[in-house]
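Structure record follows, encoded as structure tokens.
The values are calculated or read from the model by the stated rules, or taken from the named source; none is laboratory data. No experiment lies behind these values; they were computed from the predicted model shown. Positions of Cβ are generated from backbone atoms using ideal geometry, with glycine treated the same way; all protein chains shown enter the neighbour counts. Heavy atoms of the whole protein, side chains included, go into the accessibility calculation; ligands, DNA and RNA do not. Shrake-Rupley method; radii C 1.70, N 1.55, O 1.52, S 1.80 Å.
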Amino acid sequence: MTISKEHLPAPSRRSVVTAAGVVSLAAALAACGGSEDGDGYGSDPAAEQKPDSADNTDDTEEAGGGAGGAVLAKTSEIPVGGGKIFKDAGVVVTQPTEGEFKAFSNRCTHKQCPVTSVEGGTINCPCHGSKFAVADGSVQASPAAKPLPPAEITVDGDSIRLA
Ligand code: FES
């Protein structure tokens, strides 16, 4: 009698677990068996995962923007038709026309001197007199032969950030 009681619980637990497994498999097979419903279920989890992925991407972008996208200036600091040099960031930000912002490397393409002024619609190098257009960085006065390379910025509201 006592021996049979010891043996009974173990098989009964296994039976319950096995039965549960069978029920789960049966449910899974039933769900898959209805191919139309199966496709529908298949789409929904995928659709649910996409927003999650997008949220993660957004979080990453926000974190990246906060870390790498230091605010350079307020848009109001950049004169229309002119620009401002950010020596530490190595960029010149210009506003060729109102509301249009551009950015370029602050290194002259002639001998790599840092440019030091933005006047008369040009970004000016003091070393040998090269001048570059505020609109596109193109050479307006030699000896530089190549335009200033563009730099990536983003304008977020009234803040200009490094991209
Ligand atoms: S380094 Fe700028 S003009 Fe020569």
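Remarks
- Of the trypsin sites (Lys or Arg not before Pro) in the range 81-163, those whose Cβ has at most 11 other Cβ within 10 Å and which sit in DSSP loop: Lys87
- Amide H partners (placed H, <5 Å) of Leu72, local residues excluded: Ile160, Arg161, Leu162
- Residues in the range 134-163 that a label on Ala70 would reach, taking backbone N under 13 Å of a point 7 Å out along Cα→Cβ: 161-163
- Taking all protein chains together and a 1.4 Å probe, the residues Glu100, Glu152 rank Glu152, Glu100 from largest to smallest accessible area.
- Gain on full stretching of the segment that runs from Lys146 to Ser117 - 0.36 nm per residue minus C-alpha separation: 8.6 nm
- A Förster distance of 35 Å, applied to the separation of the beta-carbon atoms of Glu77 and Ser138, puts the FRET efficiency at 0.90.
- Extended-chain gain in nm, criterion 0.36 nm per residue less alpha-carbon gap, Thr97 and Val155: 19.4 nm
- Taking amide H positions as modeled 1.01 Å from N, with prolines and chain starts lacking one, the residues under 5 Å from Phe86 and 5 or more places away or on another chain are Val91, Val92, Val93.
- Long-range amide H partners of Ser117 with built H, under 5 Å: Asn124
- Heavy-atom surface analysis with a 1.4 Å probe gives the range 93-145 a carbon and sulfur content of 46 percent of its accessible area.
- Listed values for the range 101-110 are Karplus-derived 3J(HN,Hα) couplings in whole Hz (6.51 cos²θ - 1.76 cosθ + 1.60, θ = phi - 60°), namely 10, 10, 9, 9, 4, 8, 9, 4, 7, 7, and x replaces Gly and Pro.
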